[in-house]
Structures are given as structure tokens and as C-alpha cells.
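None of the figures in this text is laboratory data; all of them are computed from the coordinates on show. What you see is a predicted model, and the numbers here were worked out from it, not measured in a lab. Here the Cβ positions follow ideal geometry from the backbone for every residue, glycine too, while neighbour counts run over all protein chains shown.
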Amino acid sequence: MSPARARQPAAGGGTPELAKEIEQLVAAKEVIVACGPGGVGKTTTAASLAATVAARLGGRVLVVTVDPARRLADALGIRGIGNQATRVPDEAFEAAGVHPKGELHAAMLDMSESWDALVRRHAPDHATAQQILANPLYQNISRRFAQGHDYIAMERLYELHEDGDYDLLVVDTPPSRNALDLLDAPARMQEFFSSRLLRWLTVPYRSRFVNMASRPFYQVADRVLGSQLLADLADFFILLQTMREGFVARADAVDRLLRDVRTTFLLVTTLEAVPGREAAEMKAALAERHLHLGLLVCNRVLPPSFTDTEAARAADALAADAPALADKLCDGLEADGEPISADLVARVLEEVAHSFANFRLVAAREGELLRELTASNSVTVTVPYQPGQITDLDGLLRMGAALWGESPPATRRQRR
């Protein structure tokens, strides 16, 4: 990989070298795992990267999202996204003025369906699987399991990779309060099946013998939970134990895939204080676990013009000379047929200069955080702030151009 690099989008776009590095990165990988704090545009970035790869490089590309708002389906031009992949029609690309070289497919992680499929896969027989699926405790635990989304996302990733139907998988991941949740999900599943709590719940019902050390625990549990509930819990976890071998083996396989040379991580963040800190923690966690961070995307970044020295001087002069400028500007200036006073124009000019100073301060802080995040990173791309949300494939491809280090092409409205 090349030395560390951070790009601020310039008027003339990025460099051919940056675009070449990104193309080499995605061409060399089979799996890209998009991770990062919540609310930073991670889902949109993952979809944008997948759409751009399909359009520019070709092949069969699948983006898997956990986006609960399902707005991604509208942006991709398809009616809905489920656990099974759906191809994005070429007409959606053509409507954006692009003739794709490859195919783009999309799927959405369905927690309920994915857990049920996992049980059917690892249960020793059909009858046991049906007992587990029908158990109310399973239905609650599988939907509310604290790190369920993290584990299922990684499990679904492994399943799709093993199927081998796609040249590139781009997987959006759930936002995690703890940066380690996603990375530790496979190991946590292994620990769960080996936990002391699981043994405590199942041992007395596997055997009539309960040792003296553990007897007080069950006596208290019986009084607090009730004997029947404790028995129901034990029955459920005994059924769950029948899948232990399959779950542990699969969790180990998922962990190996995350460490495979064909897998890389895409870290998405904004340059705000809290997301920036969480991104730094995630970056450190990836390095500590020797997982490959291929691309760091800093999203919604203010343009470099806010840190331009000459622009700052112009803003200062605007504030200082606001009354004199207002006298010149308000001559003949009207609103709804009424003349506008010089005092009002002066206040507007001062407010504009004040707002510029505030944005300049924020941009300076963003620049400092960007320098911290990009230390020793392979490839870093900054995506400029755009008002509103991306709602169609045209918007995703425009963002993709920024990911490639290029100035976004004209919108369809501008092309007209």
C-alpha cells in the first residue's frame, strides 16, 4: 500500500493516482466491510461504493445493508429489499446517464429470517429446529439479543461469500456504541456457548445430581423466577446446546474470513468530535487485531475554501466595512416594492461575515481531526458536505465520484 494520504476535494477534482489506488484496492478484494459510528452516512457510502464499482469496473457486486428506514430501496430504483438479493435494473443506471459495466444487487439484513435460517442450519434434526423456532424464549432472544445484529451481519457475510455468486460483497454493518462489538461478535458467540451461566441453567436438568456449591443458586432462582420458568429456561438452553458445535465452528470461520487477505474494512466517519473519537477507536481496534483497513472515508466535510487565508481576510473586511458597503448596495435595492434600509443591509453583511468566521473555525477543527485520523492510513478520501439526503442512484453515483477523488459530475437537472 502507498504512504498515508488525505485529499480535500478541490475544484479540479482528485488525482489519477488516488483513483488508481482505489480501483486497485477494490479489484484485489472480495469483501468490503463498512463500519463506523451511527449517523455518519455509512449505509449510503456502502451503497455508493458498490454502485460505483458495478458501473466502472464491472462484475457482479452485492451490497448488504441493515438500513432500517428502507430508503435505500428507493435510491436504488427497486421496490423493496429483503434477505434475498435483488438486482438493480440497468434502467436505473441509464436514468442517471450511466451504462454499467457490471451488475449491482442489493439485499437487506432481516434479523428474524437470518436467525431462523441459522437455527435450521445448525440444529441436529428438523424436529429440534422446529422446537427451537416455536419457543417463545427463542423468539424474544433472537430479536433482542444485545449483539444480535453484529453477529448476524457477519454470519450473513460468510454465507454469501461461501456461495460465491458475487465478485464483490460490500456489507453495511450496524452502528455500535462500542467499536469492538462488531469485531468481537464471532468470539462472543463462542464464549456464550461455553459460558458458566449456560452450564448453571442446564446442568441440574441434565442430571439429578446438584452439588452443594450450586444448590443455593437454584434455590434462590426458584424463589425469584418460579420453578416452571426456570425449567422452561433450562429446556430452551438444552435445545440450544444441541447447536453448539455448529455455532462455534461457524463463528470461527467468520473470524477467519474477517482476517483473510481478500477482506478489507471501509471506515466511515464525519469530522465531528464524537464520531471522530469513535472512528479513532475503531481504527485502533482494527490495527490491534491485524485487520486490514483499506479505505477511510471522512463524510460531509466542509470545503477547503473556509480555511483559505484570502477568503478569511475578505470576510473580515466585509464585517469591518459593512456600513460603507451597505450604503452602496442599498441604492435602488427593493423588496416587495419597498426600499431596503442601509442599516438592514449592513446587519445582513455582518451576519454573513460572522457565519463565515464560525464555519472557518469548524473547518479548522475538522482539518486537525483529519490529520489525526489519517496518520499511517493507506487511503483516505474526504466527501464534501451536500445538503439534503441522497434519494436516487444518480446521487449515489455522484457520491461515488467523490469517493474516487473526483469532482462529482453534473446532476441530471444541471445536464438539462
Requested in this report: Report the FRET efficiency, 1/(1 + (r/R0)^6), for R277 and R60, where r is their Cβ-Cβ distance and R0 is 41 Å, rounded to 0.05.
Outcome: 0.65
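Under the classification rounded if a/c is under 1.5, otherwise prolate if a/b is larger than b/c and oblate if not, where does region 306-364 fall, given a ≥ b ≥ c as square roots of the Cα gyration tensor eigenvalues?
Numbers: a/c = 3.34, a/b = 2.32, b/c = 1.44.
Prolate, since a/c reaches 1.5 and a/b exceeds b/c.
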Requested in this report: With a point put 7 Å past each Cα toward its Cβ, work out how far D165 is from L361 in nm, to one decimal.
Outcome: 5.3
Requested in this report: Quick one: what are the phi-derived ³J(HN,Hα) couplings along region 162-173, Karplus 6.51/-1.76/1.60 with θ = phi - 60°, whole Hz, x for glycine and proline?
Outcome: 5, 5, x, 7, 10, 7, 9, 10, 10, 10, 7, 10
Report task. Please list, in chain and number order, the residues 5+ apart from G82 or on another chain whose amide H is under 5 Å from its amide H, with Hs placed from the backbone. Result -> M108
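Can you tell me how much longer the chain between E368 and R79 gets when fully stretched, taken as 0.36 nm per residue apart minus their C-alpha distance, in nm with one decimal?
On the way: separation 289, 0.36 × 289 = 104.04 nm, distance 4.23 nm.
That works out to 99.8 nm of additional length.
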Query - Karplus 3J(HN,Hα) series, Hz, for region 258-266 with 6.51 cos²θ - 1.76 cosθ + 1.60 (x for Gly, Pro) - result: 4, 8, 5, 5, 7, 10, 9, 10, 10
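Could you compute the net charge surrounding V88? Neighbours are other residues with a C-beta less than 14 Å from the C-beta of V88; K and R count +1, D and E count -1.
Values: positive: R60, R79, R87, K101; negative: D74, D90, E91, E94, E103, D392, D394.
Taking every other residue near V88 into account, the sum is -3.
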Query raised in the report: Any idea how far apart R262 and A324 come out in nm if each label point goes 7 Å out from Cα toward Cβ?
Result: 7.0
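Mind checking the full-extension length gain between R188 and A117? Use 0.36 nm per residue of separation minus the Cα-Cα distance, one decimal, nm.
Length difference between fully extended and current span is 23.6 nm.
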Query raised in the report: Amide H neighbours of H105 under 5 Å, counting only residues 5+ apart in sequence or on other chains, H built in-plane at 1.01 Å?
Result: V61, L62, V63, V88
Report summary line: Plugging the Cβ-Cβ distance of T309 and E351 into 1/(1 + (r/R0)^6) at R0 = 22 Å yields, to the nearest 0.05, a FRET efficiency of 0.50
Query raised in the report: What FRET efficiency do you get for D331 and Q386 if R0 is 51 Å and r is their Cβ-Cβ distance, rounded to the nearest 0.05?
Result: 0.90
